[in-house]
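Here the structure is laid out as structure tokens; the discussion comes afterwards.
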Amino acid sequence: MSSAIRGPTGEPTPPPGPTPESRERRFALLLLAPALLLLLATTTAPLVYLGWTSLQRLDMSMPWLAGFAGLANYARMGEDPRFWNSLWLTLIYTGTTVALQIVIGLTLALMVLQVPRGQAALRIAAILPIVLAPVVVGLFWRTLVLAPEVGLVDLVTRSLGLGSHNWLGDPQLALISVIAIHTWQWTPFAFLVLLATLASLPTDIYEAARLDRARPWQRFVYLTLPLIRPAIVMVVIIRMMTALSAFAAIYAATGGGPGSATEILNLYAYRTSFNELNLGYGASLAMVLLAITLAISYLMFRLRRAR
């Protein structure tokens with residue numbers, strides 16, 4: 001008969017060597033290792049290189065001045081009116097588009113819930129703008145929707161007696177136009193998420209509220225909004241991160257123009273790096289945009305866990 005090894009208390013001790021739990025952890029790490037290495041190679045390494053480039057004086061139009069600049073590129077932003085203009089446009093663009101997506105998406109979700117039939121068709125139709133590439137969306141709005149004289153919006157305004165407008169060429173209208181483009185493409189995302197959240201809410205609390213003679217607006221404010229708050233915050237986080245890094249649709253529609261009317265921070269970093277060939281300053285602009293995105297995301301996640 002084989003006898004187990006017993007400790008000082010007389011209880012059997014486990015055999016030496018790795019336990020089954022440790023072997024499972026090692027196997028899991030082995031499976032994750034290729035994906036982690038690929039993630040490091042495609043995201044972390046470029047970010048480290050971007051941070052290092054932002055500390056360099058790297059202007060391809062004057063390569064003889066290349067060298068380590070320290071924080072000079074970041075200090076230059078304080079005296080750069082174009083940077084402050086692009087930062088202000090980024091905040092306006094992000095805040096407006098996200099607010100419109102939440103308000104319009106929630107309104108549409110509440111309306112669709114009242115339609116007993118045809119919800120599947122509406123959901124399929126809502127997916128179509130999302131699956132389009134941003135470049136395609138920008139070109140679609142530039143050539144068919146906002147084109148002067150022949151665009152759909154111009155046809156409507158002229159039929160209403162409001163005249164024709166250069167929607168993408170007028171500095172006063174260009175920013176409104178790109179906000180409309182981004183809102184049109186990504187409102188369906190907020191709509192689908194909020195519709196699924198609303199459809200999963202328990203009905204018994206609403207029946208109790210009706211028995212207590214709560215009005216529709218009271219049920220919406222005191223029941224619906226608190227219950228869907230986590231979904232709203234998550235949509236805000238996702239959409240805000242996308243809006244802060246928006247590029248393709250605006251570039252295809254206006255190129256950041258006219259002038260700098262739609263030059264958000266991401267486009268300013270691109271123009272500085274690849275049009276003006278000032279790679280060091282462009283990298284520092286990109287790092288500032290990254291820091292803003294991370295800070296806002298952190299604050300939004302804290303807000304989501306606040307209650």
Options PRO258, PRO230; residue that is within 16 Å of PHE301 (Cβ to Cβ), modelled with pLDDT under 90 and not aliphatic (A, V, I, L, M): PRO230
If I filter segment 161-172 for residues that are open to solvent by 30 Å² or more (accessible area, probe 1.4 Å), assigned to a helix (DSSP H, G or I) and closer than 30 Å to ILE296 by Cβ, do I get at least one hit? yes
Selection from segment 173-184 of residues that are open to solvent by 50 Å² or more (accessible area, probe 1.4 Å) and β-branched (Val, Ile, Thr): ILE176
Just checking, does segment 213-227 include any residue being of a type in the set (Val, Ile, Thr), surrounded by 15 or more Cβ atoms within 10 Å (Cβ to Cβ) and at pLDDT 85 or above? yes
For segment 144-154, the count of residues that are open to solvent by 80 Å² or more (accessible area, probe 1.4 Å) and either of a type outside the set (Asp, Glu) or not in a loop (DSSP other than H, G, I, E, B) (or both) equals 3
For segment 151-173, give me the residue count where each residue is closer than 24 Å to GLY259 by Cα and among the aliphatic types (A, V, I, L, M). 3
Got a sec? Which of LEU71, LEU50 is touching a residue at least 12 places away in the same chain (Cβ under 8 Å), of a type in the set (A, V, I, L, M) and open to solvent by 90 Å² or more (accessible area, probe 1.4 Å)? LEU71
So if I check each of PHE247, PHE191, which one is within 24 Å of GLY138 (Cβ to Cβ) and either open to solvent by 40 Å² or more (accessible area, probe 1.4 Å) or small (Gly, Ala, Ser) (or both)? PHE247
Mind counting the residues in segment 8-47 that are of a type in the set (A, V, I, L, M, F, W, C) and either at pLDDT below 80 or open to solvent by 80 Å² or more (accessible area, probe 1.4 Å) (or both)? 11
Check whether at least one residue in segment 151-168 is under 27 Å from the mean Cα position of the chain (by Cα) and among the small types (Gly, Ala, Ser), and report yes or no. no
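The values are calculated or read from the model by the stated rules, or taken from the named source; none is laboratory data. As the structure is a computational prediction, the values presented were derived from the model and not from experiment. Reconstructed Cβ throughout: ideal geometry from the backbone, glycine too, with neighbour counts over all protein chains shown. Protein only, heavy atoms only, side chains kept; ligands, DNA and RNA dropped before computing areas. Shrake-Rupley method; radii C 1.70, N 1.55, O 1.52, S 1.80 Å.
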